[in-house]
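A short worksheet on the structure shown next.
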Amino acid sequence: MRQTDPDTPLYSIGVVERLTGLTARQIRYYEEVGLLEPARSPGNHRIYSPREVDLLLSIKSLTNQGFNLEGVRVILQQRPTGAPQEGGEPEPDSRSPTLGHPRRLSSLYPVNNREDLQTRLETSLRKAKEENV
DNA sequence: TTTCTAACA
DNA sequence: TGTTAGAA
């Protein structure tokens, strides 16, 4: 009965502010630069789905690690959120969050240690995910 | 009260 | 990014 669909729009921007620790200004700005596109209520208010909250947490994690929004965009394009990929994939390990394949983003990475970066990102994402449950 | 858009510091 | 103005 409980709605578990991660794509169902459920939260107002105010709720998302508390859930993510981001300001409404930041949340709207990330939308402006094309990082996400939340649903809208009849009154034009933004409504965020659990998946978008998760995405926002990923963005927060990445920016906190020194990525600018352009870098965040590139990374998220490689692997958005754990969205169900069309094609009929059974679902191996929905555990693995975002960043799965580091690539040659030399100038985008503020550090040389990609593995460490990836590890830190996955750790924070896993935590956020567990808390979100 | 909360959120929206637009715009300025 | 913060913050404000005026409108839903």
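Computed 3J(HN,Hα) for the range A:59-64, one whole-Hz value per residue from the Karplus formula 6.51 cos²θ - 1.76 cosθ + 1.60 where θ = phi - 60°, is 4, 4, 4, 5, 5, 5, glycine and proline marked x.
Between A:ALA39 and A:SER12, the distance separating the two model label sites (each 7 Å from Cα on the Cα→Cβ line) works out to 1.7 nm. Considering only the other residues whose Cβ falls under 12 Å of the Cβ of A:LEU10, what net charge follows from Lys and Arg at +1 and Asp and Glu at -1? It works out to a net charge of 0. Amide H contacts of A:ILE47 (H built 1.01 Å from N, in plane; Pro and chain starts excluded): A:ALA39, A:ARG40, A:SER41 sit under 5 Å, all sequence-distant by 5 or more or on other chains. FRET efficiency for the A:ARG28 to A:MET1 pair, using the beta carbon distance and R₀ = 30 Å, is estimated at 0.35. When only the Cβ of Lys, Arg, Asp and Glu is charged (+1, +1, -1, -1), the dipole of the range A:6-71 relative to its Cα centre reaches about 220 debye.
Each value in this text was obtained by applying a stated rule to the coordinates, not by laboratory testing. Only a predicted model underlies this, so the values are computations on that prediction, with no experimental measurement involved. Don't worry about glycine lacking a Cβ; one is built from the backbone with ideal geometry, like all the others, and counts go over all protein chains shown.
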